[in-house]
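Below: the structure, in structure tokens.
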Amino acid sequence: MEFNQKIIERLSKHSDKELIELFTEQIKLKKQNGTLGDLEKLIKIISPMLNEDQRTRLAKIIQTIKNQK
């Protein structure tokens, strides 16, 4: 999955709840097919493209997902 600024902008329009659901689903899929590391790499790739508010929001979403486990 390739990320660019347009995709980031589109994802930014989702609510936190929607993003949590999307990321949770991706994590489940990646765990099942053994490619969870790809998701971690993706987060490292997109982080520099995010502004401070987006980075803070992403961190909050990731923390929420971790707390759900």
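Could you give me D for the chain, from Stokes-Einstein at 10 °C and 1.306 mPa s, where the hydrodynamic radius is the Kirkwood radius over C-alpha pairs? Units µm² s⁻¹, please. Kindly include the intermediate steps, with their values, before the conclusion.
Working: Rh = 12.5 Å.
Taking Rh from Cα pairs, D becomes 127 µm²/s.
Note on Lys31 and Asn67: the extension gain reaches 11.2 nm, defined as 0.36 nm multiplied by sequence separation minus the Cα-Cα distance.
If R0 is 22 Å, what FRET efficiency do you get for Lys6 and Glu40 from their C-beta distance, rounded to 0.05? Efficiency, from the Cβ-Cβ distance: 0.45. What aspartates and glutamates could a cross-link reach from Lys17, if we take a straight Cα to Cα line under 14 Å and drop same-chain neighbours fewer than 8 places away? Within reach: Glu25.
We did not get these values from a lab; they are worked out from the coordinates using the rules stated. Here the structure is a predicted model, which means the values were calculated and not measured. Note that we place each Cβ from the backbone using ideal geometry, even for glycine, and neighbour counts take in every protein chain shown.
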